[in-house]
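Worksheet for the structure shown next.
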Amino acid sequence: MVALVDAMSCFNVDRHKIEILSLGCGDQDLRMTDDQIKRGGMFHWRTIIESAMHLQSQNALGQAGLLIGRDRMLRLTSAPTLEPIGLDDFVRASRELPAQAKRLVEENAERLEAFFDAKRFQAPFYHGKRK
């Protein structure tokens, strides 16, 4: 959503000419414990931030889809799991993620080709002082 708004406002790109390839980091299934369901309270809901971040991400994707059309947006992410891979778990990530990436590319090959085969607008980027 941030990239979409930047493209539209900073570069004055028409929303009908924008296509988005969104790469996810995997989703965690929402799991509520018996204590959360039956008792509630601050202690039992201390992990609610994970759910809030997931819902915020879904909301941003939904907003982007409404602005440009869902047909011009492709979201690739692994299947939801109850056991997410930790950011520092290189062993598990290197064991599981390459196969997941290969599957996602194979399942979405036709749509991905459209992203990478078409000539794209080249934006000038600068680093340091301009001459």
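Here, each number is a calculation from the coordinates, and none is a lab measurement. The shown structure was predicted, so the numbers you read here are calculated from the model rather than taken from an experiment. Please note: Cβ atoms are built from the backbone with ideal geometry, for glycine as well, and neighbour counts cover all protein chains shown.
Amide H contacts for Arg75 (H built 1.01 Å from N in the peptide plane; partners 5 or more residues away or on another chain; cut-off under 5 Å): Ser22.
The calculated FRET efficiency for Asp71 paired with Cys25, based on their beta-carbon distance and R0 = 25 Å, is about 0.55. Classification of segment 55-131 by its C-alpha gyration tensor yields a prolate form. The axis ratio a/c (a ≥ b ≥ c) is 1.5 or more, and a/b outweighs b/c. Listed by Cβ neighbour count within 10 Å, with the fewest neighbours leading, Met53, Met73 appear as Met53, Met73.
For segment 2-117, dividing the convex hull volume of the Cα atoms by the residue count gives 158 Å³ per residue. Legend: ranking of residues Phe90, Phe115, Phe125 from fewest to most surrounding C-beta atoms inside 10 Å; resulting order Phe125, Phe90, Phe115. Label-to-label distance for Val91 and Gln122 is 4.6 nm, based on points extended 7 Å past Cα in the beta-carbon direction. Working from Cα pairs under 8 Å separated by at least six residues, relative contact order for the chain is 33 percent.
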